[in-house]
Structures are given as C-alpha cells and as structure tokens.
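Inspection log for the structure reproduced underneath, given as structure tokens.
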C-alpha cells in the first residue's frame, strides 16, 4: 500500500507534466547539436591514431551518447522546485500529507526524467549511428548499463536534493549547483572518459560521486566486463546510501526552520 | 483508567460505608461522573500558551547594507503569535477572524503540524502535531485557500484518486465517498474537466471535497472564501455549515471577512497582533455589529449634509460615508431621511471591517 501510494504520485505527475511535452523535443534538438560538435572534435583527435585511452572512435562517440543523455536529466528543474518550495515555505503544505516529502518528490520526477531520458537517448543514438555506425554491444552491457543509468538518476536526484535543501541555510544555492555541474564535466567524465586524465587526477576522480553518475554507467554500456560491472554497482550503491543518509539528516534539521511567508 | 476508577469507587462504597461518612462516597461518584463527562466532551484541540517567533533578516539600505548583511546578517525576532490558549470541543464550528498578519494562519499551521511553535503546548485529537504529524495527517483535512492542492492541468477526479491512494482509502469506499460528496457539493458536472478551466468557486468546492475523502475528524479551512464572488461565497458557507451539522465534523475556519464567520459559526475567536481579543459566542459580538457603514452616491452635488444621530465619516461633492448605530436610528428611518432630502444614485450598507470591531472591543 505504501509503495502503491508513490506509484500513483509518479503516474499523476507524469500526466501533469505531459502538458510541457514541447520542452522535451526542444532539448533533444539541443542534444543533436552538441553531439555533432563533439563528433567533429573527436574526429580530429583520432586522425592519426585508432585508439585513445583504450577507446576506439566509435566507442568514444557511443560513450558520449550515454553521458549526454544522463547530463540532460532535469536536475536544475528539481533543484529550482525544491529550493522554491523551501524559500516560499510551500514545502510546509506538503508536510501534513501522510507521505515522505523527499520520496514523493522522487517519484513525482522519475517518470518525467525517464521519459525525457529515452527521447534524448534516442536522438543521440540516431546521430551516433549515422556518423560513426554501430558498435559491438554486449547484451549484458546494454542491460546492466540501463540499470546503472537508472541508478545514476537516483544519485543525481539525491545530489540535487542535497543542494536544494541547503536553501534552508543559504540565500542562493545555484552557486553550489554550478560547482557541482563543472565538477561533473571534468571529474565525472562527461566530455571524455576518465582514462584520459593523468593518474594523479584519475584515481581520486574514480572514487568521487561524479564519476558514479557519468563515467561508470557509460563505460559499462560500451565496454562491458563483469569486474567493471561489480565496481560500477559498488560505487553507485554506496554513494546512494551515503547520500540518502546525508539528505535525511539535512532535511530533518532544516525542516524545523521552515517559516511560511505571508502566514 | 476509568474502569479502575469505577471499580475503586464501588469498592470504596462498600468498605467506606463503615469507615467514612457516606457523603464522601457521593462526592467520589460525582467525580466519576465528571470524569465520564469529560471523556465524552473530549477536546478535539487544546492549545496552551502558544508562542511563535519568526526570524527576519534585516538589511540596511543600498549596496553597503547588502554587503554588510552578507557577512554579518542581522536578524530581528518578530513575535507573530504572542500567547494563545483555547480549546475546541468535538463537533464545534469555530471561526477565527482577524486582520492580515494577526497570526490566525500561523495558529492553524501549528495545529496542523506544518509549523513548529516556539513555545507552548499543542494537542490535536490527543496527538502532538509536530511529532506525530503523519499519524495526525490521516485524521485531519486541510484546505488552504491560497495554496491549491489540485493538479492544475488534470481534471479534479485524478487528484481525488491520487488522494485516495495517499490516504490509503480502499477503492470501494473511495467511490462511495466521492459519490456522496459529489452530490452534496454539486461538482459532478465538471469533475472531469481540467482544473485550470474551472471557476474559482468550483475549484474551491473541489478543494474541500479533496480534503474530505479520507473522512477526517477535523477540517481546517484557511481562508476558504478568499477571492470568491458573493454567490460562490454564500454557497461555500452553506456547505461548511451543513458539513458541521449533518456530518458532525469539527471545523476550524479562518477568514478576514466578518460575514463568513457571522453567518455560519456559533463560536468566534478574534485574533489581533498575536493575541486573542475575543473568544465567545457569535451572539455577543452582534452588539458590535449593530454599527453599520453607509456609502452614498448622490445624483446632484450636495452642499451640506445634516442628519440626526448619524456620524459622518467623510463627505465630498457627490459622495458621503456615514456610520450609524442601529439602536439609535434604524436603517429604514435613515433611508426615509435621506431620500426625502437628497437625490441619491447609489447606496451601500455594510458591516464595519474587522479592524474597527476590534477597536470597539478594546474601547469597551
């Protein structure tokens, strides 16, 4: 019954957000443009060699398809929404419902996020297919890769919550988001796999949550191996656990500070 | 506990007959009856010494002030609720009124558990609203006039269904309940239209239905008539009154419109500047309502306005505002006086605003 509650929250929010379907397609247009630029860029780099950091050109482009589709998950929107609800005090009106606020937020966003992911993913795959052709994909790689992409959504969501909840103490949380976003670009392996980085940077980057969001699922998808899969799930699940604890502590302290404007 | 008291009383009757004088037993029995009575008349809400402070950031003017506030934020404590205590019995319909910023909404938000009090004891249905918020959530319904709960792009029925899931109402019961409420509130015709296409009055009726699906024991209504036109207001008022009468629902209502409360509540609590200034029956407040404010628009310019027993608040070329005491001069008499002497274009008779009633209470 409890989970059923959240299922229905997810379903109805998905229906409600379908009113904004146009936004989906605009962002997939943007993804196509970025993909084209990246493909041109990597073509130049691959001019006089076949393999960079263990990736062929086709693998590299397919890797970018995955990271691209993950980066476009609607994180900013989630942060803005929670932050707005905290600042205006609207969060309070949801406290007297018999559900967990964070869990309800998660389920109300997941349908929209996954649908959007699927559209962007399809657009990116389409471009990759035309320009570099298919690559040899392992069926396990695809299957576990998708599970791991799902986990990276969970992880991104929790980080977004952490950032948004800071609105209880900070006037402006988008500075934090900006920092997180840039870290994700470099240490998360958004524009290139971590393998390219020098070792002194690569090793810490592998242990940080940013790579658990982008690098691990994307590499698992294009270059499957059981050991790598074990590593991926280990890092993702441990970071999820750590962040769940962090979010619930922050939330519990923060919620006592809630004050409602115009009350 | 009551059982043991009863047994104790009985035993005491038997033994005590020999030892203690018999009238002491009767006192004990009275105590027991009182206890039973207390259980029967159990309070739905108990508030004791409620205080709520808000911290507000202070900033000096200009860029310099902004920079200073960044490094050394200066907070000012604002006491929104100073000291509020009252009880609400089961089945009561209580109206809270007060001007904007009086603290009535804050009080409601503390009772429903969405805000933490700074000091004081709160018990709603025997529960602590802050600590047992989820448990309480199943037993109360809330409607905040300024914060719609219905999904904007979807028909109301979708939100109703979602709420039935959130509150864990069985499917069969939900259907019956919605059928019943749909009839009372007359919302069946537009329940399948997207909420954004409904009028404000229709939306408010749907909001109230949404908060009643799980059969709450107490219904909190915060400004349910805000922004509604006269007919819609009237309709909502009647519905609220019926809910209290027929369903025996305890209802707490806030408004800044005296008429809302006057028309439907038996008990009235007036809050001003964080304090309760009046807590009694509506009948007693009617003494203050004998004052009426009359706005008149004249056809021709008037030079002087002379009326007996009338307090002229303001006077312009074509307009005048009067205050009358209906004990001294009846409305009928006033009308006669005015129409005989002047050519009037329009006239509005209204109750004085809450602020003035509060002022009158203070003066007395």
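The values are calculated or read from the model by the stated rules, or taken from the named source; none is laboratory data. What you see is a predicted model, and the numbers here were worked out from it, not measured in a lab. Don't worry about glycine lacking a Cβ; one is built from the backbone with ideal geometry, like all the others, and counts go over all protein chains shown.
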**Q.** Filtered residues of the stretch B:66-83 (kept if touching a strand residue (DSSP E or B) at 6+ places or on another chain (Cβ under 9 Å) and either free of Cβ contacts under 8 Å to residues at least 40 places away in the same chain or more than 14 Å from every other protein chain (Cβ to nearest Cβ) (or both))
**A.** B:68, B:69, B:73, B:74, B:75, B:76, B:77, B:78, B:82, B:83
Q. Does residue B:134 satisfy the criteria of being at the interface with chain A (Cβ under 7 Å from one of its Cβ atoms), over 15 Å from the mean Cα position of the chain (by Cα) and in a helix (DSSP H, G or I)?
A. yes
**Q.** helices (runs of 4 or more DSSP H) wholly inside the stretch B:154-262 that include at least 1 residues being touching a strand residue (DSSP E or B) at 6+ places or on another chain (Cβ under 6 Å) and either at positive phi or in the same structural domain as residue B:124 (by TED's automatic domain parsing) (or both)
**A.** B:200-212, B:230-246
Q) Before we move on, is residue A:115 farther than 18 Å from residue A:239 by Cα, touching a residue at least 60 places away in the same chain (Cβ under 8 Å) and part of a loop (DSSP other than H, G, I, E, B)? A) no
Q: Starting from the stretch A:23-50, keep only residues that are in contact (Cβ under 8 Å) with a residue 60 or more places away in the chain, then list their pairs with residues that are not in a helix (DSSP H, G or I) whose Cβ atoms are within a distance under 8 Å, requiring at least 6 positions of separation or different chains.
A: A:27/A:72; A:31/A:72; A:38/A:191
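Provide a single number: the residues in the stretch B:334-354 that are under 35 Å from the mean Cα position of the chain (by Cα) and over 30 Å from residue B:272 (Cα atoms).
4
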Q. Does at least one position in the stretch A:147-157 carry a residue that is at pLDDT below 90 and surrounded by fewer than 17 Cβ atoms within 10 Å (Cβ to Cβ)?
A. no
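Determine whether residue B:121 is over 18 Å from the mean Cα position of the chain (by Cα) and more than 9 Å from every other protein chain (Cβ to nearest Cβ).
yes
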Q | Any hit, the stretch B:168-177, residues being surrounded by 20 or more Cβ atoms within 10 Å (Cβ to Cβ) and either touching a helix residue (DSSP H, G or I) at 6+ places or on another chain (Cβ under 6 Å) or at the interface with chain A (Cβ under 7 Å from one of its Cβ atoms) (or both) | A | no
(Q) For residue B:59, only one of the following conditions fails: (1) surrounded by 12 or more Cβ atoms within 10 Å (Cβ to Cβ); (2) touching a residue at least 24 places away in the same chain (Cβ under 8 Å). What is its number? (A) (2)
Q | Sole exception among (1) more than 14 Å from every other protein chain (Cβ to nearest Cβ); (2) closer than 25 Å to residue A:211 by Cα; (3) in contact (Cβ under 8 Å) with a residue 60 or more places away in the chain for residue A:103, by number | A | (1)
Q) Is the stretch B:91-100 home to any residue that is within 16 Å of the chain's Cα centre (by Cα), more than 18 Å from residue B:278 (Cβ to Cβ) and more than 13 Å from every other protein chain (Cβ to nearest Cβ)? A) yes
Q. Restricting the search to the stretch B:95-108, which residues are touching a strand residue (DSSP E or B) at 6+ places or on another chain (Cβ under 8 Å), in contact (Cβ under 8 Å) with a residue 60 or more places away in the chain and within 17 Å of residue B:144 (Cβ to Cβ)?
A. B:95, B:96, B:97, B:98, B:102, B:103, B:104, B:105, B:107, B:108
Q: Say whether the condition of being under 13 Å from the mean Cα position of the chain (by Cα) and either closer than 23 Å to residue B:140 by Cα or assigned to a strand (DSSP E or B) (or both) is met by at least one residue in the stretch B:298-306.
A: no
**Q.** All positions within the stretch A:106-116 that are surrounded by 19 or more Cβ atoms within 10 Å (Cβ to Cβ) and more than 14 Å from chain B (Cβ to nearest Cβ)
**A.** A:106, A:109, A:110, A:113, A:116
Q: Identify, from the list B:108, B:114, the residue that is modelled with pLDDT of 80 or more, at the interface with another protein chain (Cβ under 10 Å from one of its Cβ atoms), in a loop (DSSP other than H, G, I, E, B) and surrounded by 12 or more Cβ atoms within 10 Å (Cβ to Cβ).
A: B:114
Q: Would you check which residues across the stretch B:250-275 are under 28 Å from residue B:212 (Cβ atoms), surrounded by fewer than 20 Cβ atoms within 10 Å (Cβ to Cβ) and at pLDDT 85 or above and list them?
A: B:266, B:267
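Filter the stretch A:2-16 down to the residues that are touching a helix residue (DSSP H, G or I) at 6+ places or on another chain (Cβ under 9 Å) and more than 7 Å from chain B (Cβ to nearest Cβ) and list them by number.
A:6, A:7, A:10, A:11, A:13, A:14
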Q) Has the stretch A:17-33 got any residue that is at pLDDT below 85, farther than 25 Å from residue A:187 by Cβ, more than 14 Å from every other protein chain (Cβ to nearest Cβ) and in contact with a helix residue (DSSP H, G or I) (Cβ under 6 Å, 6 or more places away or on another chain)? A) yes
Q | Tally of residues being in contact with a helix residue (DSSP H, G or I) (Cβ under 6 Å, 6 or more places away or on another chain) and facing chain B (nearest Cβ under 10 Å) across the stretch A:81-94 | A | 2
**Q.** Residues of the stretch B:137-151 that turn out to be facing another protein chain (nearest Cβ under 7 Å) and surrounded by fewer than 22 Cβ atoms within 10 Å (Cβ to Cβ), as a count
**A.** 3
